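Visitor: Sharing a structure, written as structure tokens. Questions coming.
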Amino acid sequence: MQLTRCYRPSRMGCYYRASPAWSLCVPDVILRLALPSPLRRLFDYLAPPGVSARDLQPGARLRVPFGRREMIGVLIEISDHSEVPAGKLKPALQLLDLQAPVPPALMRLCQWTAQYYQHSLGDTLSWALPVLLRQGEPAEARQERFWLIAKDARLDDPRLGRAPRQREALKTIAQHPHGVSHQLLSQLQINRDSLQLLQEKGLVRVEVRRLSSPERHANWLAQPELPLNPEQRAAAEAVRAGFDDFNAFLLAGVTGSGKTEVYLQLIRETLEAGKQALVLIPEINLGPQTLARFERRFNARIALLHSAVNDRERLDAWLAARDGEADIIIGTRSALFTPMKRPGLIIIDEEHDASYKQQEGLRYHARDLAVVRAHQENVPIVLGSATPSLESLHNAHSGRYAMLRMNQRAGGAQPPRFLRLDIKSRPLDAGMSPPLQQAITQTLAAGQQVLVFLNRRGFAPTLLCHECGWLSECPRCDARMTVHQRSRELRCHHCGHAERQPSNCPSCNNVDLRPVGAGTERAEERLEILFPDVPVLRVDRDSTSRKEAMTTLFNTVQRGEPCILVGTQMLAKGHHFPRVTLVAILDADGGLFSADFRASERMAQLIVQVAGRAGRAEEPGKVIIQSHLADHPLLVQLTEQGYFAFADQALSERRAAGLPPFCHLALLRAEAHKPGQAEGFLDEACSDAEQLLNELALSGIELLGPVPAPMERRAGRYRAQLLLQGNARAPLHKLLAHWLLVLESLPSGRAVRWSLDVDPIDLF
């Protein structure tokens, strides 16, 4: 018998492949599993003892040994042969599902995702499944325990003579012939230890019941629909006409044009057709607001999925959607992987938002993947935004998406007036000029609300010694630490490092330390001094970290009394503030001179989105943009001609420069503890990529780099990157598929942490 030594990029190093004579001994049933591992391959196992082939379904979970650990893998396929010798094959430990929890549609989506984003299938499935399913919890709807009185139990049982608490508990249980839920014991003041003792005496019994979902309502509408204006009606009818097939629609409606009402009416028609709707939102903080609006409108079963929902609730919502018991699914980007029994419609709200792109692990873009899912499941998808991304606009111009425009604000509200305020040589008070302060005073005097936008949290961007020029720099990053005055801390917003604010300069011991620049804390503090009679509400990550903080803030705003909102981009995302008539943008210059080619697009979107919070009711709105470059062509075009004129100009510039969406990018990032290590690995990777380009005869692909990352040191690691730019998607992906196999086997790759980002939106 001949043995051949074989190597493969795996943790096990080498194995021995037998000649055909040994292969005959391999058992009939080989399970090919996807495991939550970065390795881009499937793993072969034998069936668990006592489990036959007919009990095994693709999509089922199995507990398997993996090195010294145990893992939970998903069965992808059953084979009758394996490259691993029979003696090396291990049996799986346990079959967790007789019915596969991963439906075929979700499996197809995960396989496509893993292939496109060049990611391990096992890790992709791990991202797609709720945490509890990854941990081996049963893929069944929640079951609840109910306590009932035993058949022959009597309250005068002699065993209870000296146990008054047990007798009281039995008496309470006897009053509920259908049983008492275990969750309600504390409310009924029933001692759980007493119940345990009663059970041991045979006086009570426990019954486990599956939680039933509420019955489907005959009439879907809980409140009447709002009348649609001609533009809204035309958009709704266009989508309605494409209900029976895959169609992609870009709903480009100005802020306040009533996109949500169009969504609601399309969802109602989806429900009437007996199908489910999936709605993706960009921000967790929009969840309660969106959920409340949907609950007011529909007699429907609504599932909410995002990272703030606990693991148990998330699994319940996931299973309800899969089994068809949830009619509407609302969630952030990860909710895209929620299976639906009867898919009917997918809606992506604020489709331009960068938060739809996952920036670590599986670096997928939920918007792009949603279009793929809609195509796979043959359902329409609506991408809505007042400021569509240039990629979506390009798709609309090229005929891939149908463009639906809504230029009229709902309810006859007027678009806000823009005023560019040149602040060169003007005195600034916490970033605010005197004309702006005057405008705030007038707005509050009229009984209206003000929104002050500053996309910089904390008190000040840095701390400066007035004597020697020392600056508060992060010891782990190439960045300055932000002053947080309330907590008397210096914090790095890149790595999270925090330290106490010094009272003396660490360099020269001088006490004259000054916060430089303005953040939301500083603006809040100054506004409270200037306007002591009105509430000043700060909305940023620091102020809304506590549960229900956002809801409390917005309840205050919704009361309609004069107040000032100060906040970061969290305020720009889809919130409805009917009484806000003045929006002040304190610093609009940040995106004008950036190394990132997407900076101007993001700045334009942010300005328009924030401006859209003004004048959404009967009062006209005004937007004051403070800038040192008030006559900059980009600002002039945006404020005078609108976002779509800016977008057309930006698209023509991208075409001329050969940048996305007119080319395709992939970014290989690497980071290491020592300087030069990351670049050394990328140098090798670049040489291998050039060799593969020649071997595969691929053209139209450029390799740019390797270069240090714009912020070279972050969280104590030195970072570098290599950019791949291709004219066409197919050759680029062909190169990536071959290249990754080489990268996984590079010895220098073991000393660095590296990742591949397909279609990156951030080059930092």
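Visitor: Can you tell me how many residues within the range 680-726 are among the acidic types (D, E), exposed (fewer than 13 other Cβ atoms within 10 Å of the Cβ) and in contact with a strand residue (DSSP E or B) (Cβ under 9 Å, 6 or more places away or on another chain)? Walk me through how you get there before you give the answer.
Guide: Our first condition is that a residue be among the acidic types (D, E); within the range 680-726, this holds for 683-684, 688, 690, 695, 702, 712.
Filter once more, so that each one left must be exposed (fewer than 13 other Cβ atoms within 10 Å of the Cβ): 690, 695, 702.
If we keep only those that are in contact with a strand residue (DSSP E or B) (Cβ under 9 Å, 6 or more places away or on another chain) as well, we get 690, 702.
Residues meeting the conditions: 2.
Visitor: Also: Can F577 be described as closer than 24 Å to R602 by Cα and not β-branched (V, I, T)? Explain how you work it out, then say what you get.
Guide: Details: closer than 24 Å to R602 by Cα: yes; not β-branched (V, I, T): yes.
Against the criterion (closer than 24 Å to R602 by Cα and not β-branched (V, I, T)), F577 qualifies.
Visitor: Considering every residue within the range 439-455, establish whether at least one is over 28 Å from E640 (Cα atoms), free of Cβ contacts under 8 Å to residues at least 24 places away in the same chain and among the hydrophobic types (A, V, I, L, M, F, W, C).
Guide: Within the range 439-455, the subset over 28 Å from E640 (Cα atoms) is 445, 447.
Subsequent filtering for residues that are free of Cβ contacts under 8 Å to residues at least 24 places away in the same chain retains 445.
Next, from what is left, pick out any that are among the hydrophobic types (A, V, I, L, M, F, W, C): 445.
Yes, because at least one residue in the range 439-455 is over 28 Å from E640 (Cα atoms), free of Cβ contacts under 8 Å to residues at least 24 places away in the same chain and among the hydrophobic types (A, V, I, L, M, F, W, C).
Visitor: Within the range 723-751, track down each residue that is under 27 Å from the mean Cα position of the chain (by Cα) and of a type in the set (A, V, I, L, M, F, W, C). Break it down into steps so the answer makes sense when it comes.
Guide: Going through the range 723-751, the residues under 27 Å from the mean Cα position of the chain (by Cα) turn out to be 723-725, 729, 732-733, 736-737, 740.
Within the range 723-751, L723, L724, L732, L736, A737, L740 qualify.
Visitor: What are the residues in the range 155-183 that are small (G, A, S), closer than 16 Å to R145 by Cβ and assigned to a helix (DSSP H, G or I), if any? Give the derivation first.
Guide: Keep residues of the range 155-183 that are small (G, A, S), which gives 161, 163, 169, 174, 179, 181.
Adding the requirement that they be closer than 16 Å to R145 by Cβ leaves 169, 179, 181.
Across the range 155-183, the qualifying residue is only A169.
Visitor: Report the residue count in the range 727-750 for those that are of a type in the set (G, A, S) and surrounded by 15 or more Cβ atoms within 10 Å (Cβ to Cβ). Before you say what the answer is, go through the steps one by one.
Guide: Our first condition is that a residue be of a type in the set (G, A, S); within the range 727-750, this holds for 728, 730, 737, 745, 748-749.
If we keep only those that are surrounded by 15 or more Cβ atoms within 10 Å (Cβ to Cβ) too, we end up with 748-749.
Qualifying residue count for the region: 2.
Visitor: So, restricting to helices (runs of 4 or more DSSP H) that lie completely within the range 184-301, which ones have at least 1 residues that are more than 28 Å from the chain's Cα centre (by Cα)? Walk me through it before giving the result.
Guide: Working: elements: 192-200, 230-241, 259-272, 286-297.
Filter on the range 184-301 gives 192-200, 230-241, 259-272.
Visitor: So, of the residues in the range 491-514 that are of a type in the set (G, A, S) and more than 10 Å from W470 (Cβ to Cβ), which turns out to be surrounded by the most Cβ atoms within 10 Å (Cβ to Cβ)?
Guide: At the first step, the residues of the range 491-514 found to be of a type in the set (G, A, S) are 496, 498, 503, 507.
Cutting the leftovers down to more than 10 Å from W470 (Cβ to Cβ) gives us 496, 498, 503.
Numbers: G496: 11, A498: 14, S503: 8.
If we take residues in the range 491-514 being of a type in the set (G, A, S) and more than 10 Å from W470 (Cβ to Cβ), then A498 is surrounded by the most Cβ atoms within 10 Å (Cβ to Cβ).
Visitor: Exactly one condition in (1) among the polar types (S, T, N, Q); (2) assigned by TED's automatic domain parsing to the domain that holds V371; (3) more than 30 Å from L250 (Cβ to Cβ) is false for Q485; which is it?
Guide: With (1) among the polar types (S, T, N, Q); (2) assigned by TED's automatic domain parsing to the domain that holds V371; (3) more than 30 Å from L250 (Cβ to Cβ) applied to Q485, the lone miss is (2).
Visitor: In the range 709-746, which residues are more than 14 Å from L693 (Cβ to Cβ) and polar (S, T, N, Q)?
Guide: Q721, S745, listed by residue number.
Visitor: Quick test for you: out of T255, T270, pick the one residue that is among the β-branched types (V, I, T) and farther than 27 Å from A321 by Cα.
Guide: Values: T270 fails: farther than 27 Å from A321 by Cα.
Residue meeting the stated conditions: T255.
Visitor: When the range 618-646 is examined, which residues are found to be of a type in the set (V, I, T) and either more than 24 Å from F577 (Cβ to Cβ) or touching a Pro at 6+ places or on another chain (Cβ under 7 Å) (or both)?
Guide: Filtering the range 618-646 down to residues of a type in the set (V, I, T) leaves 623-625, 636, 639.
Those that are of a type in the set (V, I, T) and either more than 24 Å from F577 (Cβ to Cβ) or touching a Pro at 6+ places or on another chain (Cβ under 7 Å) (or both): V623, V636.
Visitor: Taking the condition of being loosely packed, with under 11 Cβ neighbours inside 10 Å and at negative phi, how many residues in the range 173-192 meet it? Walk me through it before giving the result.
Guide: Narrowing the range 173-192 to residues loosely packed, with under 11 Cβ neighbours inside 10 Å: 175, 177-178, 183, 186-187, 189.
Right, trim to at negative phi and you get 175, 177-178, 183, 186-187.
Looking only at that region, the number is 6.
Visitor: Could you check how many residues of the range 625-635 are touching a residue at least 60 places away in the same chain (Cβ under 8 Å), surrounded by fewer than 21 Cβ atoms within 10 Å (Cβ to Cβ) and not hydroxyl-bearing (S, T, Y)?
Guide: Initially, the range 625-635 is screened for residues touching a residue at least 60 places away in the same chain (Cβ under 8 Å), giving 625-628, 630-631, 635.
If we keep only those that are surrounded by fewer than 21 Cβ atoms within 10 Å (Cβ to Cβ) as well, we get 627-628, 630-631.
So of that shortlist, the ones also not hydroxyl-bearing (S, T, Y) come out as 628, 630-631.
Number of matching residues: 3.
Visitor: Right, something else. E231 - would you say it is of a type outside the set (S, T, Y) and in contact with a strand residue (DSSP E or B) (Cβ under 7 Å, 6 or more places away or on another chain)? Steps first, please.
Guide: On the way: of a type outside the set (S, T, Y): yes; in contact with a strand residue (DSSP E or B) (Cβ under 7 Å, 6 or more places away or on another chain): yes.
For E231, the condition - of a type outside the set (S, T, Y) and in contact with a strand residue (DSSP E or B) (Cβ under 7 Å, 6 or more places away or on another chain) - is met.
Visitor: Continuing with the same structure: On the given criteria, is D323 crowded, with 19+ Cβ neighbours inside 10 Å and modelled with pLDDT of 85 or more? Can you show your working first?
Guide: Values: crowded, with 19+ Cβ neighbours inside 10 Å: no; modelled with pLDDT of 85 or more: yes.
It is false that D323 is crowded, with 19+ Cβ neighbours inside 10 Å and modelled with pLDDT of 85 or more.
Visitor: Let me ask something else about it. Give me a count of the residues in the range 723-747 that are of a type in the set (G, A, S) and part of a helix (DSSP H, G or I).
Guide: Filtering the range 723-747 down to residues of a type in the set (G, A, S) leaves 726, 728, 730, 737, 745.
When the remaining residues are screened for being part of a helix (DSSP H, G or I), the result is 730, 737, 745.
Adding up the residues that qualify gives 3.
Visitor: Within the range 134-177, which residues are in contact (Cβ under 8 Å) with a residue 60 or more places away in the chain and among the aliphatic types (A, V, I, L, M)?
Guide: Hits for the range 134-177 are A139, A141.
Visitor: Something else: Would you be able to say whether some residue in the range 70-81 is without any contact (Cβ under 8 Å) to a residue 24 or more places away in the chain and within 30 Å of the chain's Cα centre (by Cα)? First the steps, then the outcome.
Guide: Looking only at the range 70-81, we keep the residues that are without any contact (Cβ under 8 Å) to a residue 24 or more places away in the chain, and these are 70.
With the extra rule that they be within 30 Å of the chain's Cα centre (by Cα), the set shrinks to 70.
For the range 70-81, residues without any contact (Cβ under 8 Å) to a residue 24 or more places away in the chain and within 30 Å of the chain's Cα centre (by Cα): present.
Visitor: While we're here: Run down L35, L39, L93 and say which single residue is within 29 Å of the chain's Cα centre (by Cα) and modelled with pLDDT of 90 or more.
Guide: L35
Visitor: Shifting gears a bit: Of all residues in the range 549-579, which are among the hydrophobic types (A, V, I, L, M, F, W, C), under 25 Å from D349 (Cα atoms) and in contact with a helix residue (DSSP H, G or I) (Cβ under 8 Å, 6 or more places away or on another chain)? Spell out how you get there, then give the answer.
Guide: Of the residues in the range 549-579, the ones among the hydrophobic types (A, V, I, L, M, F, W, C) are 549-550, 553-554, 557, 563-566, 570-572, 577.
So of that shortlist, the ones also under 25 Å from D349 (Cα atoms) come out as 549-550, 553-554, 557, 565-566, 570-572, 577.
Within the range 549-579, M550, F554, L565, V566, L571, A572, F577 qualify.
Visitor: From A588, A614, A584, which residue is within 21 Å of D349 (Cβ to Cβ) and buried (at least 21 other Cβ atoms within 10 Å of the Cβ)? Lay out the reasoning, then the answer.
Guide: Values: A588 fails: within 21 Å of D349 (Cβ to Cβ); A584 fails: within 21 Å of D349 (Cβ to Cβ).
Within the list A588, A614, A584, the selection yields A614.
Visitor: Quick check on R476: is it among the basic types (K, R), over 21 Å from I607 (Cα atoms) and modelled with pLDDT of 90 or more? Working first, answer last.
Guide: Details: among the basic types (K, R): yes; over 21 Å from I607 (Cα atoms): yes; modelled with pLDDT of 90 or more: yes.
For R476, the condition - among the basic types (K, R), over 21 Å from I607 (Cα atoms) and modelled with pLDDT of 90 or more - is met.
Visitor: Here is a further query. Where in the range 67-138 are there helices (runs of 4 or more DSSP H), lying wholly inside it, with at least 3 residues that are outside the structural domain of Y364 (by TED's automatic domain parsing) and touching a Cys at 6+ places or on another chain (Cβ under 8 Å)? Explain how you work it out, then say what you get.
Guide: Numbers: elements: 104-116, 121-128, 131-134.
Output list reads 121-128.
Visitor: May I pose another question? Out of the residues in the range 154-172 meeting the condition of being over 12 Å from V204 (Cβ atoms) and among the acidic types (D, E), tell me which one is surrounded by the fewest Cβ atoms within 10 Å (Cβ to Cβ).
Guide: Ranking the candidates gives D156 first.
Visitor: On to the next question. Does the range 127-153 hold any residues that are more than 19 Å from A320 (Cα to Cα) and surrounded by 13 or more Cβ atoms within 10 Å (Cβ to Cβ), and which are they?
Guide: Scanning the range 127-153 gives R145, F146, W147, L148, I149, A150, A153.
Visitor: Scan the range 685-722 residue by residue and report those that are in contact with a Phe, Trp or Tyr (Cβ under 7 Å, 6 or more places away or on another chain), assigned to a strand (DSSP E or B) and hydrophobic (A, V, I, L, M, F, W, C). Break it down stepwise before answering.
Guide: To start, the set of residues in the range 685-722 that are in contact with a Phe, Trp or Tyr (Cβ under 7 Å, 6 or more places away or on another chain) comprises 688-689, 692, 709-712.
Keeping just the survivors that are assigned to a strand (DSSP E or B) gives 709-712.
Passing the criteria: A709, M711.
Visitor: Does any residue in the range 249-260 that is within 17 Å of T290 (Cα to Cα) and in contact (Cβ under 8 Å) with a residue 40 or more places away in the chain come within less than 7 Å, Cβ to Cβ, of a residue that is part of a helix (DSSP H, G or I) and polar (S, T, N, Q) six or more places away or on a different chain, and which pairs are these?
Guide: T255/Q609; G258/Q232
Visitor: Here's something else I'd like to know. Of the numbered conditions (1) of a type in the set (G, A, S); (2) out of contact with any Asp or Glu (no Cβ under 6 Å at 6 or more places or on another chain); (3) not assigned by TED's automatic domain parsing to the domain that holds I624, S425 fails exactly one; give the number of that condition.
Guide: That leaves (3) as the condition not met.
The values are calculated or read from the model by the stated rules, or taken from the named source; none is laboratory data. Please read all numbers here as calculations on a predicted model, not as lab measurements. We place every Cβ from the backbone using ideal geometry, glycine too, and count neighbours over all the protein chains shown.
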